[in-house]
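Colleague: One structure, as structure tokens, below. Some questions next.
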Amino acid sequence: MTKADEKFMQVNMGPQHPSTHGVLRLLVTTDGEVLSGVKPYIGYLHRALEKIAERVTYPQFTPFTDRLDYLASMNCNLAYAMTVEKLLNIEVPRRAQILRVIMAELNRISSHLIAFGSFSSDMGAFTPFLFGIREREFINDLFEIACGARLTYNYIRIGGVSKDIPGGFIEKTREFLDYFPAKIKEYNELLSYNAIFIKRLANIAVISPDDAFDYGITGPNLRASGIKWDLRREEPYLIYNELDFDVPVGKGEMGKTGDAWDRYMMRIYEMEQSAKIVRQCLDLLAPGDYTAKVSKVLKPPAGEVYVRAENPRGELGFYLISDGSTKPYRLKIRAPSFANLSIIPKLARGVMIADLIAIIGSMDIILPEIDR
Amino acid sequence: MAGYFKKMYHSISTVLTGLGVTIKYGINPKTEVTQQYPEVKREPPDGFRGKLFVDINICTGCTACARICPVDAITLKTVRDENKKLRPVLFDIDNARCIYCGLCVEACPVDNCLYFEKKYEFSAYSKQDLISHFGLGEVKPAESKTEDKKTEAEKEGKEAAQ
Amino acid sequence: MTELINRILTGMSTTMPLTRLLITILIMVVSTAIVLAVSLLYEGFATYAERKVAGDIQARIGPNRVGPYGLLQFVADGVKLLLKEDIIPFYADRWLFIIAPYIVFTVSFAAFVPLSYSDHVSIANLNVGVLYMIAISSVVSMAILMGAWGSNNKWSLFGGMRAVAQIVSYEIPIVLSLLAAIIIPASLNLRDIIAYQSGGLGIFRWLVFNNPFTLIAFFVYFIAAIAEVNRTPFDIPEAESEIVAGYHTEYTGMRFAFFFMAEYGDMFVVSAIAATLFLGGWQIPFIGGIPMPVWLREVLQIGVFFTKVFLLIYVMMWIRWTLPRLRVDQLMELCWKYLTPIALFNLIGASVWVLLLHDKGVYDIIARVFTR
């Protein structure tokens with residue numbers, strides 16, 4: 001420590017801190033309330049998932065992808081399943097594709113509900129958090145009907161989905177979709193357009209489009225900066241090219257484009273769009289196979305493949321190298337939160353402690369995915 | 001100056017809107033969604049992935065479940081009985097290790113042999129108590145030929161590879 | 001209180017000065033004990049009420065396990081806190097650390113003294129009641145800083161510094177808005193102020209309806225009072241999502257409970273001041289003019305007073321569970337750019353009103369027009 005550093009105080013925020021979203025540790029250098037630097041330390045939740053992938057077979061790794069981003073297990077399952085399918089050249093039946101889209105979009109809604117809720121509780125309003133949880137329960141119930149689990153679904157498998165949806169699922173989903181828009185309106189009244197909330201977030205931690213590209217930011221955080229980039233549109237997978245939905249982008253409604261409020265609001269808009277997608281998919285659902293014929297022992301040809309999908313938190317990519325055996329030779333996971341986290345030290349310079357919480361919350365990072 | 005009052009009006013009106021949302025819940029007790037857990041128990045839907053159960057009498061001891069399990073929660077030991085059929089003498093499922101992914105249930109070739117119960121309350125005081133033992137214990141062996149899980153798994157793997 | 005002692009003493013046959021002194025002390029101790037017991041009971045129920053109100057607003061139930069409707073929850077909590085390990089951090093400043101919660105609690109308890117609960121029930125009828133209340137409630141900031149500094153914890157220090165800045169700043173709008181009300185009855189004695197508000201069906205001569213300026217003063221006071229007692233949206237000294245628990249991060253068990261109870265005590269005090277100065281205190285609405293026995297009148301008056309106070313506390317809780325938290329600089333902005341100037345101009349307006357119309361309120365003017 002030099003003489004100049006003595007005017008600063010170093011504070012350890014995390015790994016046990018109420019709003020670091022898990023076990024993120026931030027070494028914060030402050031001058032009173034104003035931060036002069038933030039250094040994230042990660043790895044408290046490291047489970048060596050990439051290494052585990054090398055010792056389990058291809059189908060066996062699917063449950064582990066549940067544990068990547070546990071708030072969006074379906075999307076992680078989906079990305080992994082698509083990776084292996086691409087390697088094996090499996091054609092997924094249409095019904096399975098539609099079911100996958102339904103599940104992925106429902107999970108996007110539930111993930112964004114948690115993002116919305118935990119962000120609001122970071123901002124000091126606890127009630128929206130519980131409202132978000134309440135709506136998420138509906139989706140959890142739907143998933144429970146479909147696959148039997150409420151958090152780690154392991155539903156989307158290589159070749160299709162694990163089982164067909166039971167009767168009553170479609171009706172219940174429609175019920176949820178009818179119920180949901182009123183709740184979004186309630187969230188907006190309660191939180192989104194609240195003057196205090198806007199004042200806390202507008203013009204805070206503005207990410208310019210250039211910065212967003214430089215740091216590899218993806219997902220709602222990238223779109224909040226005004227860049228219309230959604231893999232569901234740019235590289236349509238499954239049946240997304242048949243569906244009619246908008247890609248919301250940040251317009252700087254309350255301040256500069258790409259500020260924390262824009263990032264927050266992207267998630268509200270995306271929930272609306274996802275609900276729209278699910279509704280269309282329910283109409284498209286026609287009888288058919290729920291899974292392609294996949295042999296029990298998968299032996300993909302030697303080769304490598306990279307597949308990415310639009311997760312609630314951004315672009316989740318799996319880079320898979322196969323040596324022709326039953327187990328992956330190497331599996332690299334490109335976690336969106338990891339890239340999104342990397343910009344936090346840049347954003348959190350010269351802001352206040354309360355703003356740092358707003359920045360972390362608005363990036364909506366999730367630690368299991370970062371640490372893997 | 002006009003901006004000053006406009007800002008003030010905006011703040012007050014949005015705060016009042018928010019208060020209007022919460023008071024609707026505050027004065028209406030019917031909005032509560034809590035289930036009083038020990039008194040009211042949720043009935044899980046069909047296909048719920050609860051505790052694993054094995055109908056050991058129809059188990060063929062094929063060890064497909066033990067091989068597919070990603071977390072090695074199933075320990076199987078089989079013995080050939082007098083009819084030269086494979087019987088599981090040891091069939092332990094460690095519920096503390098199990099991640100309830102359902103791969104074993106799908107791998108099981110026998111209908112209604114290995115399946116999920118709807119049971120979701122099985123806390124225990126020690127990790128040992130969380131292991132469910134389904135094994136037959138002793139089987140009248142024709143020949144004392146035991147095959148443990150690992151060798152069986154390797155054999156099966158080889159067969160599949162061919 | 002003094003009158004009570006005098007009455008008892010004049011009824012006594014003894015004239016021994018020592019006996020008189022002892023009896024005086026005894027009466028004081030007993031009455032203090034009664035008030036302490038009542039305030040502790042209130043604080044216990046207030047914590048219960050807070051959780052129940054939060055439950056209602058958040059579409060949950062709230063505590064309902066201990067006792068009927070969970071009413072005895074606070075007893076269980078109190079027992080738990082008493083049995084908890086009393087941890088004093090090794091590097092803490094022991095004396096400051098130990099003494100701070102007692103000062104905070106004593107101060108919040110001492111503010112109960114000049115309150116006038118009914119025509120005859122009050123502990124001390126101070127002729128500088130309002131001044132005393134304002135003065136005693138400022139001591140809290142010192143005690144909080146003692147605890148925060150003594151904890152030798154960086155989060156505590158943040159909380160302590162925030163608390164002092166906030167409480168000291170918000171004293172100003174509080175005093176200015178109270179002044180706008182006080183100049184009408186021209187008294188600092190709480191009982192005189194309440195007595196002034198009699199008539200007009202027990203409602204229309206409340207100072208809050210006296211003139212437009214007192215109405216504004218009431219709202220300014222109430223907002224500032226919420227800040228004074230560190231509650232959301234102004235709870236930055238203990239903002240759990242930013243600085244863990246603020247000034248009481250290191251406190252456990254009963255020491256923590258003292259801080260906690262003091263918060264609810266302060267809520268009562270600021271609400272009681274609002275009820276006394278603006279809402280007519282114990283003036284019974286509508287049926288106040290009907291002749292009734294003294295004991296019934298006293299009971300009704302106490303009931304009316306507490307109803308008013310609890311309604312204000314309910315509003316505070318309602319606000320807490322609705323709004324997000326302000327940032328520390330925005331809190332100061334609210335105080336210095338909005339509340340203080342408004343209160344200041346308001347005071348000028350109220351003074352002009354009094355100068356022109358003496359103590360005639362809107363009701364008096366209307367009543368005179370009608371009776372003419």
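Colleague: Scan region A:34-56 and report the pairs whose first residue is open to solvent by less than 80 Å² (accessible area, probe 1.4 Å) and whose second residue is among the polar types (S, T, N, Q), with Cβ atoms within less than 9 Å and a gap of 6+ or a chain change.
Modeller: That search, which allows pairs on different chains as well, returns A:L35/A:T29; A:S36/A:T29; A:S36/A:T30; A:G37/A:T29; A:G37/A:T30; A:V38/A:T29; A:P40/A:S342; A:L49/A:T65.
Colleague: Something else now. Can you work out which of the residues in region C:256-296 that are over 20 Å from the mean Cα position of the chain (by Cα) and open to solvent by less than 30 Å² (accessible area, probe 1.4 Å) is nearest to C:F105 (Cα to Cα)?
Modeller: So the residue we want is C:I284.
Colleague: For region A:79-87, check the following and say yes or no: at least one residue is more than 14 Å from chain C (Cβ to nearest Cβ) and in contact with an Asp or Glu (Cβ under 8 Å, 6 or more places away or on another chain).
Modeller: Of the residues in region A:79-87, the ones more than 14 Å from chain C (Cβ to nearest Cβ) are A:79-87.
Pick out the ones that are also in contact with an Asp or Glu (Cβ under 8 Å, 6 or more places away or on another chain) and you get none.
Checked against the condition, which is being more than 14 Å from chain C (Cβ to nearest Cβ) and in contact with an Asp or Glu (Cβ under 8 Å, 6 or more places away or on another chain), region A:79-87 yields no hits at all.
Colleague: Condition first: open to solvent by 10 Å² or more (accessible area, probe 1.4 Å) and assigned to a helix (DSSP H, G or I). Now tell me which residues in region C:123-139 satisfy that.
Modeller: Of all residues in region C:123-139, those open to solvent by 10 Å² or more (accessible area, probe 1.4 Å) come to C:123-128, C:131-132, C:134-139.
Once the filter is applied, which keeps residues that are open to solvent by 10 Å² or more (accessible area, probe 1.4 Å) and assigned to a helix (DSSP H, G or I), region C:123-139 yields C:L131, C:Y132, C:I134, C:A135, C:I136, C:S137, C:S138, C:V139.
Colleague: Does C:A54 fit the bill of being modelled with pLDDT of 85 or more, within 21 Å of C:L115 (Cβ to Cβ) and of a type in the set (G, A, S)?
Modeller: Values: modelled with pLDDT of 85 or more: yes; within 21 Å of C:L115 (Cβ to Cβ): no; of a type in the set (G, A, S): yes.
Against the criterion (modelled with pLDDT of 85 or more, within 21 Å of C:L115 (Cβ to Cβ) and of a type in the set (G, A, S)), C:A54 does not qualify.
Colleague: Restricting the search to region A:179-195, which residues are at the interface with chain B (Cβ under 7 Å from one of its Cβ atoms) and farther than 18 Å from A:S118 by Cα? Step through it out loud before you land on a result.
Modeller: Narrowing region A:179-195 to residues at the interface with chain B (Cβ under 7 Å from one of its Cβ atoms): A:186, A:189-190, A:193-195.
Correct list: A:A195 only.
Colleague: For C:F219, all conditions in the list (1) in a loop (DSSP other than H, G, I, E, B); (2) more than 14 Å from the chain's Cα centre (by Cα) hold save one; what is the number of the exception?
Modeller: (1)
Colleague: Hey, another quick one. Could we say that C:S187 is among the polar types (S, T, N, Q) and either crowded, with 21+ Cβ neighbours inside 10 Å or in a helix (DSSP H, G or I) (or both) here? Give the derivation first.
Modeller: Details: among the polar types (S, T, N, Q): yes; either crowded, with 21+ Cβ neighbours inside 10 Å or in a helix (DSSP H, G or I) (or both): no.
Against the criterion (among the polar types (S, T, N, Q) and either crowded, with 21+ Cβ neighbours inside 10 Å or in a helix (DSSP H, G or I) (or both)), C:S187 does not qualify.
Colleague: I'd like to know if region C:325-341 contains one or more residues that are at pLDDT 85 or above and of a type in the set (F, W, Y).
Modeller: Yes; the residues of region C:325-341 include at least one that is at pLDDT 85 or above and of a type in the set (F, W, Y).
Colleague: To continue, here is another question. Please go through region B:19-63 and pick out each residue that is facing chain A (nearest Cβ under 10 Å), aromatic (F, W, Y) and part of a loop (DSSP other than H, G, I, E, B).
Modeller: Hit for region B:19-63 is B:F48, nothing else.
Colleague: Are any residues in region A:342-370 away from every other protein chain (no Cβ under 14 Å) and open to solvent by 10 Å² or more (accessible area, probe 1.4 Å), and if so, which ones?
Modeller: A:S342, A:P345, A:K346, A:L347, A:R349
Colleague: Collect the residues in region A:232-290 that are open to solvent by 20 Å² or more (accessible area, probe 1.4 Å) and under 18 Å from A:F197 (Cα atoms), keeping them in residue-number order.
Modeller: The answer is A:K251, A:E253, A:M254, A:G255, A:K256, A:T257, A:Y269.
Colleague: Just the residues that are open to solvent by 20 Å² or more (accessible area, probe 1.4 Å), free of Cβ contacts under 8 Å to residues at least 12 places away in the same chain and not in a helix (DSSP H, G or I), please, taken from region A:105-151.
Modeller: Hits for region A:105-151 are A:F126, A:R150.
Colleague: Moving on. B:D72 is checked against (1) within 12 Å of chain A (Cβ to nearest Cβ); (2) open to solvent by less than 20 Å² (accessible area, probe 1.4 Å) and fails just one. What number does that condition carry?
Modeller: Failed condition: (2).
Colleague: Which residue out of B:K7, B:K41 is among the basic types (K, R) and either at pLDDT below 80 or under 24 Å from the mean Cα position of the chain (by Cα) (or both)? Working first, answer last.
Modeller: Working: B:K7 fails: either at pLDDT below 80 or under 24 Å from the mean Cα position of the chain (by Cα) (or both).
From the options B:K7, B:K41, the qualifying one is B:K41.
Colleague: Would you say C:F158 is within 14 Å of another protein chain (Cβ to nearest Cβ), open to solvent by 10 Å² or more (accessible area, probe 1.4 Å) and in contact (Cβ under 8 Å) with a residue 12 or more places away in the chain?
Modeller: Values: within 14 Å of another protein chain (Cβ to nearest Cβ): yes; open to solvent by 10 Å² or more (accessible area, probe 1.4 Å): yes; in contact (Cβ under 8 Å) with a residue 12 or more places away in the chain: yes.
Considered against the rule, which asks whether it is within 14 Å of another protein chain (Cβ to nearest Cβ), open to solvent by 10 Å² or more (accessible area, probe 1.4 Å) and in contact (Cβ under 8 Å) with a residue 12 or more places away in the chain, C:F158 comes out as yes.
Colleague: Looking at (1) within 12 Å of chain A (Cβ to nearest Cβ); (2) modelled with pLDDT of 80 or more, can you tell me which one B:K77 breaks?
Modeller: B:K77 satisfies all of (1) within 12 Å of chain A (Cβ to nearest Cβ); (2) modelled with pLDDT of 80 or more except (1).
This table checks each residue for (1) more than 14 Å from every other protein chain (Cβ to nearest Cβ); (2) among the aromatic types (F, W, Y); (3) free of Cβ contacts under 8 Å to residues at least 24 places away in the same chain.
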residue: C:V53; (1), (2), (3): no, no, no
residue: C:I57; (1), (2), (3): no, no, no
residue: C:P63; (1), (2), (3): no, no, yes
residue: C:Y69; (1), (2), (3): no, yes, yes
residue: C:F74; (1), (2), (3): yes, yes, no
residue: C:Y117; (1), (2), (3): yes, yes, no
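Colleague: Please tell me if C:I27 is without any contact (Cβ under 8 Å) to a residue 12 or more places away in the chain and either assigned to a helix (DSSP H, G or I) or within 14 Å of chain A (Cβ to nearest Cβ) (or both).
Modeller: no
Colleague: At the interface with another protein chain (Cβ under 10 Å from one of its Cβ atoms), touching a residue at least 60 places away in the same chain (Cβ under 8 Å) and farther than 16 Å from A:N340 by Cα: does that describe A:L231?
Modeller: Numbers: at the interface with another protein chain (Cβ under 10 Å from one of its Cβ atoms): no; touching a residue at least 60 places away in the same chain (Cβ under 8 Å): yes; farther than 16 Å from A:N340 by Cα: yes.
No; evaluated as a whole, the condition is false for this residue.
Colleague: Within region C:266-286, does at least one residue satisfy the condition of being touching a strand residue (DSSP E or B) at 6+ places or on another chain (Cβ under 8 Å), away from chain A (no Cβ under 14 Å) and of a type in the set (V, I, T)? Give the derivation first.
Modeller: Let us first name the residues in region C:266-286 that are touching a strand residue (DSSP E or B) at 6+ places or on another chain (Cβ under 8 Å), namely C:276, C:281-282.
Still in the list and also away from chain A (no Cβ under 14 Å): C:276, C:281-282.
Filter once more, so that each one left must be of a type in the set (V, I, T): C:276.
Yes - at least one qualifying residue is present in region C:266-286.
Colleague: Considering (1) under 24 Å from B:S132 (Cα atoms); (2) open to solvent by 20 Å² or more (accessible area, probe 1.4 Å); (3) within 9 Å of chain A (Cβ to nearest Cβ), say which one B:R87 fails and leave the rest.
Modeller: B:R87 satisfies every listed condition except (3).
Colleague: Determine, yes or no, whether C:L356 is closer than 17 Å to C:E171 by Cα, away from every other protein chain (no Cβ under 14 Å) and open to solvent by 50 Å² or more (accessible area, probe 1.4 Å).
Modeller: On the way: closer than 17 Å to C:E171 by Cα: no; away from every other protein chain (no Cβ under 14 Å): yes; open to solvent by 50 Å² or more (accessible area, probe 1.4 Å): yes.
It is false that C:L356 is closer than 17 Å to C:E171 by Cα, away from every other protein chain (no Cβ under 14 Å) and open to solvent by 50 Å² or more (accessible area, probe 1.4 Å).
Colleague: Go through (1) at negative phi; (2) at pLDDT below 85; (3) crowded, with 17+ Cβ neighbours inside 10 Å and name the single condition B:L52 misses.
Modeller: (2)
Colleague: Sticking with this structure for a sec: If you take the residues in region C:81-119 that are under 17 Å from C:S137 (Cα atoms) and of a type in the set (F, W, Y), which one is nearest to the chain's Cα centre (by Cα)?
Modeller: C:F112
Colleague: Tell me whether region C:97-105 contains one or more residues that are within 24 Å of C:Y247 (Cα to Cα) and open to solvent by 60 Å² or more (accessible area, probe 1.4 Å). First the steps, then the outcome.
Modeller: Residues of region C:97-105 within 24 Å of C:Y247 (Cα to Cα): C:97-105.
Now drop any that are not open to solvent by 60 Å² or more (accessible area, probe 1.4 Å), which leaves C:99, C:102.
Yes: region C:97-105 contains one or more residues that are within 24 Å of C:Y247 (Cα to Cα) and open to solvent by 60 Å² or more (accessible area, probe 1.4 Å).
Colleague: Right, something else. Filter region C:297-335 for residues that are of a type in the set (D, E, K, R), within 14 Å of another protein chain (Cβ to nearest Cβ) and open to solvent by 10 Å² or more (accessible area, probe 1.4 Å) and give the result. Break it down stepwise before answering.
Modeller: Start the filter on region C:297-335 by keeping residues that are of a type in the set (D, E, K, R), which leaves C:297-298, C:308, C:320, C:325, C:327, C:329, C:333.
In the following step, the residues that additionally are within 14 Å of another protein chain (Cβ to nearest Cβ) were identified as C:320, C:325, C:327, C:329, C:333.
Listed by number, the residues that qualify are C:R320, C:R327, C:D329, C:E333.
Colleague: Pick out the one residue from C:A124, C:A100 that is touching a Pro at 6+ places or on another chain (Cβ under 9 Å) and more than 14 Å from chain A (Cβ to nearest Cβ). Don't jump to the end; show me each part of the working.
Modeller: Details: C:A100 fails: touching a Pro at 6+ places or on another chain (Cβ under 9 Å).
Checking each option against the conditions leaves just C:A124.
Colleague: Can you pull out every residue in region A:19-74 that is in contact with an Asp or Glu (Cβ under 7 Å, 6 or more places away or on another chain) and either part of a strand (DSSP E or B) or farther than 23 Å from C:V328 by Cβ (or both)? Give the steps one after another, and end with the answer.
Modeller: So in region A:19-74, the residues in contact with an Asp or Glu (Cβ under 7 Å, 6 or more places away or on another chain) come out as A:19, A:42-46, A:68-69, A:73.
Selection gives A:I42, A:G43, A:Y44, A:L45, A:H46, A:L68, A:D69, A:S73.
The values are calculated or read from the model by the stated rules, or taken from the named source; none is laboratory data. This is a predicted model, so every value here is computed, not measured. Don't worry about glycine lacking a Cβ; one is built from the backbone with ideal geometry, like all the others, and counts go over all protein chains shown. These accessible areas exclude ligands, DNA and RNA; they are computed on the full protein's heavy atoms, side chains included. Shrake-Rupley method; radii C 1.70, N 1.55, O 1.52, S 1.80 Å.
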